[in-house]
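The values are calculated or read from the model by the stated rules, or taken from the named source; none is laboratory data. As the structure is a prediction and not an experimental result, all values here were calculated from the model. So basically every Cβ, Gly included, is an ideal-geometry build from the backbone, and we count neighbours across all protein chains shown. Side chains included, ligands, DNA and RNA excluded: accessible areas come from the protein's heavy atoms. Shrake-Rupley method; radii C 1.70, N 1.55, O 1.52, S 1.80 Å.
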Amino acid sequence: MESTRERNWKHAWARRLANHTLLRMLVLNFWFRLVVILFVLGGLGLAVGLPKMWRTTPAGIRPIVKVSLIDLVQVRVLRNSARKLAAQGKELEALRAWRSALANNQADTAVLREYLNQVIATAEPDRVTAFEALNSAAWLLRLTGTNRADVGLAARVFGKFEVYGEAYRLLSQLKDELSPEAQAVYLATLFRTGRLNEFGEHWERWGEKFAGDPALSLYHAVHLAGFGAGGKAAEARERVRTAKNDLKNRNLALRLELIVCREKQDAEGFAAALQELEASNAASLDDRIDHWLLLKNSGKLDEAKKLADSYAAQPRTPFELMRLASAYGDLGLTERAIAVLDRYAPDLANADAPWAWDIWSNYAALLIESRDWNALKAMALRLRMLSRAGRSLAGFTYFMEGRALHSLNQRVEALDVFRTAAKLGFPDASFAMRAGIDLLRMGYPDVAWDVLKPLEKTLAANVDYWFAMSDAAQMLKRDAAALLRVTARAYELQPNSFRAIYNYASALIMNRQKPAEAARLTLTALARDTNSISSRLLHSAALALNRRYAEADEMLKSVPVSKVAGPAMSFYFYTALEIHMGLEDYDRARVDIGKIDAQHLFPTQAAWVERTRRQLARAN
């Protein structure tokens, strides 16, 4: 029971808060106070738990993944559920639980690894699992870079779904440091990609440990049957015949035989093995593509085109789509290539993975080759709407839209779109570099510079990158010091390259630095091509910079003015001005300075011209 003192305290507060009903209830009613506290704590919990504030992707990785506390809790719960389902043998249910966990935090590498290991352990994954697993393997490699364990894991996933080209690309970098599981995948990959000599060499090294593997031992038998000699080859041929009569191994034996026939350019043997596979409804799209290309290489292009054009192909994976479109292109069936990409790319290439990027890039290249600018613009807009590919290729979509607008002579609109592309960026350095070079070719050096500049560290050893940067700096005529820096780097990488020598010498002259080295380099360039007008002009400028004015004048006379045009005309008269000032021939110098267009000069050159103009005025 309440004491008299407590009752008096409550009555006193009740009188004080008579006009504040809410506060009165909060102070005097315990249960109301408890409910309010719980409500406030719940609100704070939601404020902290709901917002996606924690970034889980490493720096430089796009798209950026952010998660909330609730996401992290759900990942933990779903991960435990997936483990339990896997332990109970419920493989497909476990895979769905793993995918649900990853949906809450796509950048959790530990969950990604467990999911991919479960995929490998699953006997017959469904098509959805195959698609998701391939994308997840590519995403894991982007998150962890060159982690060797992850490279091996991803390659095993690619091998599981017979994506042997990607598996080879990964494992060939680590072939001397592979785990036994990865070695098995690598052997199969070598055979399936037609590297049969390498297969034989690696079987000699690793074969003993895989002699009991039914599939790999059959690979070895087919290899011996096709390329071996003597008694072992005869035994191998007998084993292959036995395998072809065994329902369990028949299709694998025939498919391996196709590969041997393909590498030996045996069109008849290939057709016979393919016919047997077709009879059991086991021939794949890849098998048929190999047949078309083998016929083409055998001089039967018309037959190959007829078979390809009549086949109602339905690619099931992005890799089949990529290969089918490429085959159509090789056979000259460009319209079929575009049609198949238009039909299947939105479904099969809607991924944040290198092969998806390649599919869309190849699709765009075909439309550019066909000069179908409206279709290119439509493709870019369609790609931008896709949930995954549109996000990772956002910059690329704007670049392709700008490419279409540029070719439709809408340059103002194209420039705006190109600038958006530069801000959004590209999925990797090679994409960005190709875009930058294309921008230079189209005449947008400022945007090209913005695209290329962030790649300096990534492409530090790529001389083509520094050539592109040199071209951008030269076209911009904005910063002579930047031109010197990028051309010097290209020259360091390829000191014997004519282009590197010429560009670096030109930058030294623009910056009026190291005259002796500039003269040496221009003389080297001129010796490579004595008829080059640009090399003569540049050597003349280098001689003038060294104050060897008479020699410079003689060299300049060997450059016909009629052969010089555009921005080079201003450089010609800039060089002539320096020579004539050095020779104190002020009348000719005044003629020279009147023919210089300052917009074609770097600021340092323009400043020198202005100083010379004032000097000429004083000479009057």
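Quick notes
- Where a residue in the range 386-415 is over 18 Å from Pro346 (Cα atoms) and in a helix (DSSP H, G or I) and its partner, wherever it lies, is open to solvent by less than 50 Å² (accessible area, probe 1.4 Å) and not aliphatic (A, V, I, L, M), with Cβ under 6 Å and at least six apart: Gly402/Phe418; Ala404/Trp373; Ser407/Trp373; Ala414/Gly402; Ala414/His406
- Residue check, Lys477 of a type in the set (D, E, K, R) and either open to solvent by less than 40 Å² (accessible area, probe 1.4 Å) or without any contact (Cβ under 8 Å) to a residue 12 or more places away in the chain (or both): no
- Scanning the range 414-431 for residues that are of a type in the set (Gly, Ala, Ser) and modelled with pLDDT under 95 turns up Gly425, Ala429, Ser430.
- Close contacts from the range 556-575, counting a first residue that is among the charged types (D, E, K, R) and a second that is outside any loop (DSSP other than H, G, I, E, B), with Cβ to Cβ under 6 Å and a gap of 6+ residues or different chains, come to Lys563/Ile533.
Residues are listed down the side, and each one gets a yes or a no for (1) under 29 Å from Leu321 (Cβ atoms); (2) open to solvent by 20 Å² or more (accessible area, probe 1.4 Å); (3) modelled with pLDDT of 90 or more:
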site	(1), (2), (3)
Asp150	yes, no, no
Ala167	yes, no, yes
Ser172	yes, yes, no
Val185	yes, yes, yes
Leu196	yes, no, no
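- Filtered residue count, the range 485-510, keeping only those that are open to solvent by less than 50 Å² (accessible area, probe 1.4 Å), under 36 Å from the mean Cα position of the chain (by Cα) and not aromatic (Phe, Trp, Tyr): 13
- Residue check for Leu134: touching a Ser or Thr at 6+ places or on another chain (Cβ under 6 Å) and at pLDDT below 90: no
- Some residue of the range 47-65 being outside any loop (DSSP other than H, G, I, E, B), at pLDDT below 75 and exposed (fewer than 12 other Cβ atoms within 10 Å of the Cβ): yes
- Matching residues, the range 282-313, being among the hydroxyl-bearing types (Ser, Thr, Tyr) and open to solvent by less than 80 Å² (accessible area, probe 1.4 Å): Ser284, Ser298, Tyr311
- Reported count of residues in the range 263-276, each being of a type outside the set (Asp, Glu) and open to solvent by 40 Å² or more (accessible area, probe 1.4 Å), is 4.
- Count - residues of the range 299-313 that are among the hydroxyl-bearing types (Ser, Thr, Tyr) and part of a helix (DSSP H, G or I): 1
- Selection of the range 368-421 for residues being open to solvent by 70 Å² or more (accessible area, probe 1.4 Å) and aliphatic (A, V, I, L, M) yields Leu381, Met385, Val412.
- Here the range 344-357 is the region considered, the condition is being closer than 16 Å to Arg384 by Cβ and assigned to a loop (DSSP other than H, G, I, E, B), and the residue that is modelled with the lowest pLDDT is Asp352.
- Residue ID - nearest to the chain's Cα centre (by Cα), chosen from residues in the range 422-436 that are open to solvent by less than 50 Å² (accessible area, probe 1.4 Å) and aliphatic (A, V, I, L, M): Ala429
- Flag not set for Leu187, criterion: closer than 23 Å to Ser280 by Cβ and under 37 Å from the mean Cα position of the chain (by Cα).
- Positions within the range 435-460 being of a type in the set (A, V, I, L, M, F, W, C) and either within 22 Å of Ala364 (Cα to Cα) or in contact with a Leu (Cβ under 7 Å, 6 or more places away or on another chain) (or both), in sequence order: Ala435, Ile437, Leu439, Leu440, Met442, Val447, Ala448, Trp449, Val451, Leu452
- Conditions (1) at pLDDT 85 or above; (2) closer than 24 Å to Lys248 by Cβ; number of the one not met by Gly226: (1)
- So Arg611, is it in contact with a helix residue (DSSP H, G or I) (Cβ under 6 Å, 6 or more places away or on another chain) and assigned to a helix (DSSP H, G or I): no
- Glu181 vs. criteria open to solvent by 10 Å² or more (accessible area, probe 1.4 Å), under 17 Å from Ala215 (Cβ atoms) and not hydroxyl-bearing (Ser, Thr, Tyr): yes
- Evaluation of Asp347 against (1) open to solvent by less than 50 Å² (accessible area, probe 1.4 Å); (2) free of Cβ contacts under 8 Å to residues at least 12 places away in the same chain (one fails), failing number: (1)
- Selection count, the range 314-343, where residues are surrounded by fewer than 18 Cβ atoms within 10 Å (Cβ to Cβ) and assigned to a loop (DSSP other than H, G, I, E, B): 3
- Unique residue being crowded, with 16+ Cβ neighbours inside 10 Å, out of contact with any Leu (no Cβ under 7 Å at 6 or more places or on another chain), over 22 Å from Ser470 (Cα atoms) and modelled with pLDDT of 90 or more when the list is Leu545, Leu577: Leu577
- Filtering the range 607-620 to residues that are closer than 23 Å to Leu476 by Cα, without any contact (Cβ under 8 Å) to a residue 60 or more places away in the chain and surrounded by fewer than 17 Cβ atoms within 10 Å (Cβ to Cβ) leaves Ala607, Glu610, Arg611.
- Verdict on Leu274 being more than 28 Å from Ala356 (Cα to Cα), out of contact with any strand residue (DSSP E or B) (no Cβ under 9 Å at 6 or more places or on another chain), modelled with pLDDT of 90 or more and not small (Gly, Ala, Ser): yes
- Which listed residue is at pLDDT below 85, more than 36 Å from the chain's Cα centre (by Cα) and either within 26 Å of Ala182 (Cα to Cα) or surrounded by fewer than 17 Cβ atoms within 10 Å (Cβ to Cβ) (or both), from Ala279, Ala236: Ala236
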